[in-house]
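Note sheet for the following structure.
Taken together, the values in this text are just the output of simple stated rules run on the coordinates, not laboratory data. Since we're looking at a predicted model, the values are computed, not measured. With ideal geometry, Cβ positions are generated from the backbone for all residues, glycine too; neighbour counts draw on all protein chains shown.
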Amino acid sequence: MYKGSIFERLSGGLRTEANATSEDALYQSVANNLSRIFSTNAGSAQTVEDYGRPDLNNSDMSMKDSIESIETSSEICIRKYEPRLYKTRVAVSKDELDVNQMNVHIEGFLQVNGKSQKINYRANLLSNGKVKVYKDEN
């Protein structure tokens, strides 16, 4: 049974339902880590400068360039700091852009029970500064 990452085991951070499968625990663990990545501003982590989401308010770029930069920077960060998720693609939902709010789709593959399985997550960056990441069933 999957018990979570070392950080989750030390901090007690992996909370799953009592009847959750090992697969569900893995999905939740990855979602927790993605949430930490998107909750941290790049450059603010004490140990590494490239951990976290890029600046979402770069006024020097056009909207198109800003979105492309966010997608590319996020992909690079996820590939580096969430290695369980590979062949990662990140896309900002352009239809759901709102003032101080953004929805990000994260697609990739996980090794589940020895097999590569495609997985989709959705990260909702909310106007109150909170981030909600969950497995996207679509």
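Worth a mention:
- Qualifying lysines (Cα of each under 20 Å from Cα of LYS130; at least 8 residues distant if same chain): LYS94
- All lysines inside 21 Å of LYS87 as judged from Cα atoms, apart from same-chain residues fewer than 8 positions distant: LYS115, LYS118, LYS135
- Peptides 81-87, 23-29 ordered by average Cβ neighbours within 10 Å, highest first: 23-29, 81-87
- Packing order of peptides 34-40, 124-130, 107-113, highest average first: 34-40, 107-113, 124-130 (average count of other Cβ atoms within 10 Å over each peptide's residues).
- Around TYR81: net Lys/Arg minus Asp/Glu count, Cβ-Cβ under 10 Å: +1
- A P(r) calculated from all alpha carbon pairs of the stretch 62-138, with 5 Å bins opening at zero, reads 3, 15, 23, 26, 18, 9, 4, 2, 0 percent.
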